[in-house]
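Have a look at the structure below before the remarks.
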C-alpha cells in the first residue's frame, strides 16, 4: 500500500511538472510574447519601458525561467504576477475557492440530472422518454461552452447551471449504457426470472455491479467540469481561476500562467487518480 501511494504521488508530481513546463513553452512560442500593451502608454519614461522589456527578456529563456520557478516553489514561493502586481499565492487564495465552489455545485447538479435521467429511463422504459433524454443530452453535448455561457449572461442565470448542463450529457450517456449492460448480467436476469420488481433489481443487483464504473466516471466528470467551467467563468465574469487564466494569457504573464497550469493539472490528476484507486478497491472487494 505505501508503495502504491508513493507511485501515485510521483505520478502526480511528474504530470504537474510536464504540464506546467509545456504550458510555459507554448506561451513562449505564441506570437507577440515579447510585446506588452503597457508600452503603448505615452506617459511612460524610457526607463520604465526598458524595465518592462527586461521583464519579458528574463522570461524568454524557458528552461532558465522554469529552473528558477522550481527553486522558488520548493521554498514555498509561487512568485508574483507581472500583470496584476500581486503575489500569486494571494491571487490563488482569493480566486481558487470561488472556482472550487462553482465546480462542486455544477458537478452535483450534473450528476443529479444525468444519473437521475438514466435511472428514470430504466425504471420507466418508453420510447418517448428515451427520445426526449437523448435529444436533450445531444443538444447540450454539441453546444460550445462560451455560447451557452453568453446565453446565460443574457438571461441572467447562474453560470454554474450552464456548466452543469454541459457536463450532464456525458454522465447521462455513460450511466445509461452502463446500467443497460448491467441489466444483461446473468444474476440480474435470474432476479427477474424469480419475479423481482424493477426497483429491487435496480438497487440490489444492478447498482452494485455498476458502482465501480460510476466511481471512475466521477473522476472523469471532474476533469470535464474543469474544462467547461473555466471558459464559462471568463464569459460570465466569475472571479475564479478561469478569469485569472484569461487575464494571464492576454498579458503573457508567465509566472501566473505556470502556477495556474499546476493548479488545474493537480485537480485533474488527483481526481482521476483517487477515483481510479477507489474503483480498483471496490472491484477487488467484490471479487
Normalised alpha carbon radius of gyration of region 53-192 [divisor 2.2 N^0.38 Å]: 1.62
Cβ-derived FRET efficiency at R0 51 Å, residue 150 paired with residue 187, nearest 0.05: 0.55
37 °C / 0.692 mPa s Stokes-Einstein diffusion coefficient of region 164-265, Kirkwood radius on C-alpha pairs, µm²/s: 199
Sequence ranges 73-84, 236-247, 265-276, ranked by mean other-Cβ count within 10 angstrom, highest first: 236-247, 265-276, 73-84
Residues 124, 152 arranged by fewest to most Cβ contacts within 10 Å: 124, 152
Using alpha carbons only: equivalent-ellipsoid semi-axes of region 74-154, gyration tensor based, whole Å: 41, 16, 9
Packing rank of 162-170, 255-263, where each peptide gets the mean count of other beta carbons within 10 Å, highest leading: 162-170, 255-263
Rough spin-label spacing in nm, given labels placed 7 Å along Cα→Cβ, for residue 68 and residue 17: 2.0
Relative packing of 153-159, 214-220, which averages over residues the other C-beta atoms within 10 Å, highest first: 214-220, 153-159
Percentage of interatomic Cα-Cα distances in region 111-171 larger than 16 Å: 48
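Bear in mind these aren't lab numbers, they're just calculated from the coordinates by the rules spelled out. Computed from a predicted model, the values in this text were never measured in an experiment. Heads up, the Cβs are rebuilt from the backbone with ideal geometry, glycines too, and the neighbour counts pull from every protein chain shown.
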